[in-house]
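Below you'll find the structure, written out as structure tokens, and then a few comments.
The values are calculated or read from the model by the stated rules, or taken from the named source; none is laboratory data. Predicted model, so just to flag it, every value in this text is computed and none were measured. Positions of Cβ are generated from backbone atoms using ideal geometry, with glycine treated the same way; all protein chains shown enter the neighbour counts.
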Amino acid sequence: MAERENRRDRAPREENPEFADRLVAINRVSKTVKGGKRFGFAALVVVGDQRGRVGFGKGKAKEVPEAIRKATEQAKRSLVRISLRDGRTLHHDVEGRHGAGKVVMRTAVAGTGIIAGGPMRAVFEMLGVQDVVAKSIGSQNPYNMIRATMDGLAKESSPRQIAQRRGKKVAEILRRPEAEVAEA
């Protein structure tokens, strides 16, 4: 009996209300068969906690809600953590590529907002970035744009990660050399 209650208690926890999701694209595809046409739908969804975790997924089904549900589940499974500076912008400028898609993402001062096109904007909003300037070059396909954005974000590294890799302290990495300080 106690085992049943535990299962019942666990079910609501698996449903994560802290994640927000954004539908980026729906594509209707048709297959011509002997009796006519069969329609299907493909959905592209971005999911994030708006505090540094984001993922995307795609789902296909005969009905739109089912395709969105599948895409959302896949997105939740593919979440990655991205480090943000002050919880609002990127640590440094970065480029991302996927196929013919290329995106350039730049840090921005507080108050700039998200200056980015459709699919990239969805990724930044779900990630929790508040200030960024981004430009998509090349492919306008939303799938390629999101993959290129995720590629660029994966290249993002914080001063803590760089210091750990070099075996130094964060202060040593961020500190300006004395020669530059004397000139200033």
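Data table
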quantity: Among the candidates G52, G101, residue that is within 14 Å of M150 (Cα to Cα), modelled with pLDDT under 95, surrounded by 13 or more Cβ atoms within 10 Å (Cβ to Cβ) and more than 14 Å from the chain's Cα centre (by Cα); calculated: G101
quantity: Scan of the stretch 138-151 for residues that are surrounded by 20 or more Cβ atoms within 10 Å (Cβ to Cβ) and outside any helix (DSSP H, G or I), ordered by number; calculated: none
quantity: Residue within the stretch 70-78 that is touching a strand residue (DSSP E or B) at 6+ places or on another chain (Cβ under 9 Å), part of a helix (DSSP H, G or I) and over 14 Å from V54 (Cα atoms) present; calculated: yes
quantity: Residue that is at pLDDT 90 or above, under 12 Å from the mean Cα position of the chain (by Cα) and outside the structural domain of Q50 (by TED's automatic domain parsing), where the choices are T112, T107, T149; calculated: T149
quantity: Flag if A75 is out of contact with any helix residue (DSSP H, G or I) (no Cβ under 7 Å at 6 or more places or on another chain), surrounded by 16 or more Cβ atoms within 10 Å (Cβ to Cβ) and not basic (K, R); calculated: yes
quantity: Within the stretch 32-63, tally of residues that are touching a residue at least 40 places away in the same chain (Cβ under 8 Å) and not aromatic (F, W, Y); calculated: 11
quantity: Criterion (touching a strand residue (DSSP E or B) at 6+ places or on another chain (Cβ under 6 Å), among the basic types (K, R), closer than 30 Å to E18 by Cα and not in a helix (DSSP H, G or I)) met by exactly one of K135, K102; calculated: K135
quantity: Qualifying residues in the stretch 1-40 (those that are within 20 Å of S78 (Cβ to Cβ) and in contact with a Lys or Arg (Cβ under 8 Å, 6 or more places away or on another chain)) - the one modelled with the lowest pLDDT; calculated: N16
